[in-house]
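The values are calculated or read from the model by the stated rules, or taken from the named source; none is laboratory data. It should be emphasised that the depicted structure is a prediction, and the values quoted were computed from it without experimental measurement. Cβ coordinates were reconstructed from backbone atoms using ideal geometry, including for glycine residues, and neighbour counts include every protein chain displayed.
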Amino acid sequence: MTHTKNATKILKDVFGFDSFRPLQEEIIANILAKRDTLGIMPTGGGKSLCFQLPALMFNGTTVVVSPLISLMKDQIGQLKELAVPAVVLNSSLSPEDYVRNMNRVHRGGVKLLYLAPETLLKERTLSLLADIEVDNITIDEAHCISEWGHDFRPEYRQLAALRSRFPRAVCSAFTATATPQVQKDIQRSLGFDDAHTFIGSFDRPNLYLEVELKEDGGRQVAKYLRNRPNQPGIVYCATRRGVDELTERLRSAGFDVLPYHAGLSEDERKINQEHFINDNVQVMVATVAFGMGIDKPNVRIVIHYDLPKNIETYYQEIGRAGRDGLPSECLLLFSYADIQKVKYFIGQMDETRQRIANIHLSAMVAFAETYGCRRKPLLHYFGEAFDGENCGTCDNCLGEPPVTTNITDDAHSLLKTIRRTNEIFGMHHIIDILKGSKNKKVLAGDHDSLETYGSGEHLSRNQWCHICRQLIQQELLLQDAEFGSLKITDKAVAHFKRKLPVMGVIPEDRPKTVPKKKKKSLDTPDYNEELFEILRKKRKDMADEAGVPPYFIFPDRTLIDMAVHYPQSLESMRAIHGVGVSKLENYAPAFLETVVEFCGCHNIVENPKENIKKMSSSKESSQEPPKKKYVIMGEAINNGLSLEQTASIFGVKIETVMDNLYKYLSDHNTLTRDVRELNEELVRSANVELEDITAAMMAFSESGHTHLKPVFAALEQKIAYDQLHCLRLYYMINHG
Ligand code: ADP
Ligand code: MG
């Protein structure tokens, strides 16, 4: 497919990436074929590229609806660094800027227009859009359409009605919310009858998952952070008070951290968030309020200081780590006391919601307690199976297998107590009986007269809870989803009849130390950390000077790539991850200087990238100087881009593209593509009568094309110079 070929080229030239992430290519092809598309991919899956790249290939404009100003600002800012013409209209703009942006859109050439939903609904916006060519309407964060989603936005509902006003535009929608209900809601409200829906895997293999028993949480967090200096991280706490207390504690332990929660003033929150995004402070201590609206790609650590209420929240929060695909770590501090805290919250809800919340909590606890691979329960929650025994990136898969013992007798006591109390009580009451409690409920039910009453003193409550949960996991017990009562399964009956043993783990009641785990082995390439730090500092300085977040300049992966391959020329820089044409010009030279200097001091030679080797060996000579811009542009056009697309991708005027193409052709390069479209574009740009074209062609063939003056004179000065530029190129293409 020619589209695919062009898309791959734009991927490198504009975005600086060598390959697509899963589904990106398919989604892009689908959008380019103007088929309505729904893309469901996890956070960090690379959804933005799925509409940004086709936007560069369409002639007209792509309209992007986004729910948050900070998200729009982030994307516009990054596109600006890539020299992609993108514009935003929302309520945060001053009236002057608003009008200026409207005018820019009206003039045409804007590839991406970001709008708040309410802005798109305005008549003034709609009439602006009626005047231009709209090729794609993209709804980002599309779960906002659904009342079932966690961020329902009523204005999103009305978007569907607008579709009929843009009959030629394709519609695409993206979200990271995978529940079938939300998915159906999106399809239905946007009228995606034959929507092509692409659902990516929700596995995030670059996230290392780990659970640690919480003892002294503050000390544990401090130790964890101390072992990972300079790593951007978020520590989630359940409450505002928790945030304030942990912030204080970490500060007094010498950490530079900032708090974030809904109790702070809006200004304070904004300032703290910006310090984090701009790498002024590495660690945020925050409630759930922090996250949506933050696209910082290099969050390396997410710690849960408290137990999340459910897997969905947990998954969403750990999802903020490692958007850039680099290895990142997620630590959950888990304690049985925290389960009770969540239960207390749940107790405040109305009854139906309590029921659902309890089921969700059980799933979360099962995740925390499991001795198996942690990816399995996590993905299971999203209806996905994890195939493979060992994920290699969670504490259980990397650690020693747990010591199981024969727990038949204890299991027996439990089941007996459950049976004797008619299977209508929950775990805690059963444990009360085993522990010989004298509480009212036990005495009122006469349960102190049971045979098993007080027979469980040798274990702590936590250990009993743990055994109970293991029996549930082994399907010997069933917990009623509605009331929490424990029931004995048929499997258990058969099991005991056959006198089979029950095996399980009895955790140490108070582990003195955190369980020892093998060192994790995530695949960060070996890179020169000293050089990386120098480059990071350079990036920070440049970012501060330009007033943008550091990751706008280059993502971490670019710096790591440099610290692996030590590029010594701009040509080598071009092969580095994240270096497209625009950044090659604006930022690569400064970084090149630093790398060259570092290598000089340390006697290090370049370690060229595979694709550099390939690139140069496929060319005429292996020691070619860096490609000239006109060659890159000429090749882009040969690959099927129009003049206008090339202009927008390279961030130059269309006249500049024409001059570069002329130079390319004068340099004995030929056009290998179909030239009809180019001809049409040129004739349109030249805006002259047909007979003038004929006259000009004759003049060029008589006077040559190196200088325009003689031709200008031969045509009796009737055709202006800028028109002659177009016609000269037309001549080169067709007669040259
Ligand atoms: P999402 O919207 O799905 O959460 P984003 O679009 O914000 O994800 O992308 C996450 C990160 O991945 C960004 O930093 C982006 O530059 C990067 N990215 C996207 N596609 C690619 C790719 N093909 N190769 C490398 N990095 C990519
Ligand atoms: Mg996104």
Of (1) over 20 Å from Val675 (Cβ atoms); (2) free of Cβ contacts under 8 Å to residues at least 60 places away in the same chain; (3) in a helix (DSSP H, G or I), Ile719 satisfies every one except (3)
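So which residues in the range 316-367 are among the acidic types (Asp, Glu) and within 16 Å of ligand 1 (Cβ to nearest atom)? First the steps, then the outcome.
Our first condition is that a residue be among the acidic types (Asp, Glu); within the range 316-367, this holds for 317, 324, 329, 338, 350-351.
Of everything in the range 316-367, those that are among the acidic types (Asp, Glu) and within 16 Å of ligand 1 (Cβ to nearest atom) turn out to be Glu317, Asp324.
I'm trying to understand the selection: among the residues of the range 322-337, which are more than 16 Å from ligand 2 (Cβ to nearest atom) and modelled with pLDDT of 90 or more?
Leu326, Pro327, Ser328, Glu329, Cys330, Leu331, Leu332, Leu333, Phe334
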Determine, yes or no, whether Thr313 is without any contact (Cβ under 8 Å) to a residue 40 or more places away in the chain and among the hydroxyl-bearing types (Ser, Thr, Tyr).
yes
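Does Gly319 meet the test of being farther than 22 Å from Asp544 by Cβ, within 16 Å of ligand 2 (Cβ to nearest atom), in contact (Cβ under 8 Å) with a residue 40 or more places away in the chain and touching a Pro at 6+ places or on another chain (Cβ under 7 Å)? First the steps, then the outcome.
Details: farther than 22 Å from Asp544 by Cβ: yes; within 16 Å of ligand 2 (Cβ to nearest atom): yes; in contact (Cβ under 8 Å) with a residue 40 or more places away in the chain: yes; touching a Pro at 6+ places or on another chain (Cβ under 7 Å): yes.
Yes.
Scan the range 153-210 for residues that are in a loop (DSSP other than H, G, I, E, B) and exposed (fewer than 15 other Cβ atoms within 10 Å of the Cβ) and jot them down.
So the first thing to find is which residues in the range 153-210 are in a loop (DSSP other than H, G, I, E, B), and the list is 153, 166-169, 176-179, 191-195, 200-206.
Within the range 153-210, Pro167, Arg168, Gly191, Asp193, Asp194 meet the criteria.
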Residues of the range 652-673 classified as in contact with a Phe, Trp or Tyr (Cβ under 9 Å, 6 or more places away or on another chain), loosely packed, with under 13 Cβ neighbours inside 10 Å and closer than 11 Å to Asn638 by Cβ, total:
0
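Across the range 176-197, which residue is farthest from the chain's Cα centre (by Cα) among those that are more than 16 Å from ligand 2 (Cβ to nearest atom) and among the hydroxyl-bearing types (Ser, Thr, Tyr)?
First pass over the range 176-197, keeping only residues more than 16 Å from ligand 2 (Cβ to nearest atom): 179-181, 183-185, 187-197.
So of that shortlist, the ones also among the hydroxyl-bearing types (Ser, Thr, Tyr) come out as 179, 189, 197.
Values: Thr179: 18, Ser189: 25, Thr197: 19 Å.
Top of the filtered list is Ser189.
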Log entry, pairs with first residue in the range 557-574 being aromatic (Phe, Trp, Tyr), second being in a helix (DSSP H, G or I), beta carbons closer than 6 Å, six or more apart or on different chains, reads Tyr566/Val595; Tyr566/Cys599
So is Ala253 among the small types (Gly, Ala, Ser) and over 30 Å from Glu530 (Cβ atoms) or not?
no
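Do the conditions hold for Ala169, that is, is it in the same structural domain as Leu32 (by TED's automatic domain parsing), within 16 Å of ligand 1 (Cβ to nearest atom) and under 23 Å from Gln24 (Cβ atoms)?
Values: in the same structural domain as Leu32 (by TED's automatic domain parsing): yes; within 16 Å of ligand 1 (Cβ to nearest atom): no; under 23 Å from Gln24 (Cβ atoms): yes.
Spelling it out, it is not the case that Ala169 is in the same structural domain as Leu32 (by TED's automatic domain parsing), within 16 Å of ligand 1 (Cβ to nearest atom) and under 23 Å from Gln24 (Cβ atoms).
Can you tell me which residue within the range 21-35, out of those that are within 16 Å of ligand 2 (Cβ to nearest atom) and in a loop (DSSP other than H, G, I, E, B), is nearest to Phe198 (Cα to Cα)? Spell out the reasoning first.
Within the range 21-35, the first condition is being within 16 Å of ligand 2 (Cβ to nearest atom), and the residues that meet it are 21-24, 27-28, 31.
Now narrow it down to the ones that are in a loop (DSSP other than H, G, I, E, B): 21-23.
Working: Arg21: 13, Pro22: 10, Leu23: 7 Å.
Per the criteria, the residue is Leu23.
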